[in-house]
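Participant: Here it is: the structure, laid out below.
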């Protein structure tokens, strides 16, 4: 499978715990994005990497959220001190040109 | 100005019929308009995309019509099939110094009745 890969697909965590999601983009895609999607809504942009540089962060990305893309390959999104409002699907996407391809998403439920 | 408005919110079409979903935007700097198909529990899948220098693009049963002056674009699904039942999102983006951020519409839940 050469698509965008995300892990884990589902995560249930208690409020206050930290969680980390991993994304493996399509190989040779130099741009990587994180989006968040809640039920019944379209995805919302969180952050963007070009190679290993994080070039833009949305105001939605509070201080509890951090994303990295070491060596410009895979990326991780960490949420510290999770809150119930963080419950959503976290989508990773990658691109080389204008076409942006999404992974299957990582569902987070905070209880 | 960054919003993309999508309608209808839900749509029911008989098998073999034409499904039409509409989107409107305000920001004239948008220059790329993709449509995504999303099945429950899955990520959005890129379906078809258009740039404003053309008025129509067709790929198989899927056609995008684009009206630059009205700042509107639409997705037409010909010969709709039960397997097309999904949520469809229009989106828009622009090139700039920062990320090519996609701004999504609110989505349309399409149901194709057999």
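The values are calculated or read from the model by the stated rules, or taken from the named source; none is laboratory data. The structure displayed is predicted, hence computed values, not measured ones. All Cβ positions, glycine included, derive from the backbone under ideal geometry; neighbour counts span all protein chains shown.
Participant: Which one is nearest to residue A:35 (Cα to Cα), of the residues in segment B:41-56 that are without any contact (Cβ under 8 Å) to a residue 40 or more places away in the chain and not in a strand (DSSP E or B)?
Facilitator: Out of the qualifying residues, it is B:43.
Participant: Still on this structure, I have one more. Scan (1) within 15 Å of the chain's Cα centre (by Cα); (2) in a strand (DSSP E or B) for the single condition residue B:30 breaks and write down its number.
Facilitator: Against the list (1) within 15 Å of the chain's Cα centre (by Cα); (2) in a strand (DSSP E or B), residue B:30 comes up short only on (2).
Participant: Moving on. Somewhere in segment B:69-76, is a residue in a strand (DSSP E or B), on the phi < 0 side of the Ramachandran plot, at pLDDT 95 or above and surrounded by fewer than 16 Cβ atoms within 10 Å (Cβ to Cβ)?
Facilitator: Yes; the residues of segment B:69-76 include at least one that is in a strand (DSSP E or B), on the phi < 0 side of the Ramachandran plot, at pLDDT 95 or above and surrounded by fewer than 16 Cβ atoms within 10 Å (Cβ to Cβ).
Participant: Take the residues in segment B:92-111 that are within 17 Å of residue B:39 (Cα to Cα) and crowded, with 21+ Cβ neighbours inside 10 Å; name whichever of them is nearest to the other protein chains (Cβ to nearest Cβ).
Facilitator: Checked segment B:92-111; the qualifying residue nearest to the other protein chains (Cβ to nearest Cβ) is B:104.
Participant: Looking at this structure, is residue B:12 part of a strand (DSSP E or B) and surrounded by 16 or more Cβ atoms within 10 Å (Cβ to Cβ)?
Facilitator: The answer is no for residue B:12.
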